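Trainee: Structure incoming, see below.
The values are calculated or read from the model by the stated rules, or taken from the named source; none is laboratory data. Only a predicted model underlies this, so the values are computations on that prediction, with no experimental measurement involved. Cβ placement follows ideal geometry from the backbone for every residue including glycine, while neighbour counts extend to all protein chains displayed. Each accessible area value is taken on the protein alone, full model and side chains, heavy atoms only, with ligands, DNA and RNA left out. Shrake-Rupley method; radii C 1.70, N 1.55, O 1.52, S 1.80 Å.
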Amino acid sequence: MRFAGNIEAKTDAKGRAFLPSCFRKQFSNAGEVRLIMRKDIFQPCLVLYPEAVWDEQIVLLRKRLNRWNPQHQQLFRQFVADVEMVVLDSNGRFLIPKRYLKMADIQQSIRFIGMDDTIEIWNAAHCEETFMDAAAFGEAISQLMDNKEDNETTSL
């Protein structure tokens, strides 16, 4: 499952939003039933994980943590404690709880951004702040892709 795109939307007075149809199709085609919502660790946005992707992340995190280390337990607890199970209604809507709206400073205008195997939900007004300008993006991606040590080369 790969989500891509940048779609503007609005929440209603109760905090409900329609999952964009392009994302909803991929979600249902993969046979997913639920999404997991949590606040992003680094950015002021919300992240929707298809349940299968969430389960993979939990397994990966658990493998790196020692269950008997108090700090590791605290990290795991904090990662999993503040999540919300999301089920789409028959119209493709879901509720964003008030505490999540507050965490991401979401008012009414939102932006969904497909981030490969997850979907981010941003306050539309703050979303642009997280993007690089075109010149900086071009330079950064060029440097990344031109790194000869990381790329395989073919000789004729």
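Trainee: Can you pull the percent of segment 7-156's accessible area that's carbon plus sulfur, 1.4 Å probe, other chains left in place? Please report the intermediate quantities before stating the final value.
Mentor: On the way: 5290 of 9980 Å².
Here carbon and sulfur together make up 53 percent of the probe-accessible area.
Trainee: Strictly greater than 21 Å: what percent of every Cα pair in the chain meets that? Can you show the working numbers first?
Mentor: Working: 6577 of 12090 pairs.
Tail of the P(r) past 21 Å holds 54 percent of the pairs.
Trainee: Mind listing which chymotrypsin sites (Phe, Trp or Tyr not before Pro) in segment 1-68 are in a DSSP loop and have 16 or fewer other Cβ atoms within 10 Å?
Mentor: Those satisfying the criteria are Phe42, Trp68.
Trainee: So what is the calculated 222 nm ellipticity per residue for the chain, using -39500 (n - 2.57) for each DSSP H run with n of 4 or more, over all residues, to the nearest 500 deg cm²/dmol? Walk me through the numbers on the way to the answer.
Mentor: Numbers: 6 runs with 58 residues, N = 156.
Value at 222 nm, helices only, nearest 500: -11000 deg cm²/dmol.
Trainee: Once fully extended, how much extra length lies between Arg2 and Met115, figured as 0.36 nm per residue of separation less the alpha-carbon to alpha-carbon distance?
Mentor: Numbers: separation 113, 0.36 × 113 = 40.68 nm, distance 0.78 nm.
The Arg2-Met115 span can extend by a further 39.9 nm.
Trainee: Cut-off under 18 Å on the C-alpha distance; same-chain residues fewer than 8 positions from Lys63 excluded. Which aspartates and glutamates are left, in chain and number order?
Mentor: List returned: Asp55.
Trainee: Taking only the alpha carbons of segment 65-156, what extent do you get along each of the three principal axes, in Å, biggest first?
Mentor: 57, 44, 28
Trainee: Give the accessible area for Asp146 in Å² (nearest 10); use a 1.4 Å probe, count only protein heavy atoms, and leave out ligands, DNA and RNA.
Mentor: The accessible area comes out at roughly 100 Å².
Trainee: Taking only protein heavy atoms and a 1.4 Å probe, what accessible area per residue, in Å², does the chain have with all protein chains in place? List each step's numbers first, then the result.
Mentor: Details: 10410 Å² over 156 residues.
Solvent-accessible surface per residue comes out at 67 Å².
Trainee: Would you list, by chain and number, the lysines whose Cα falls below 17 Å from the Cα of Lys98, excluding same-chain residues fewer than 8 positions away?
Mentor: Lys10, Lys14, Lys39
Trainee: Any idea what the relative contact order of segment 31-136 is, in percent, if you count C-alpha pairs under 8 Å spaced at least 6 apart?
Mentor: On the way: 126 pairs, mean separation 33.1, N = 106.
Once normalised by length, the contact order is 31 percent.
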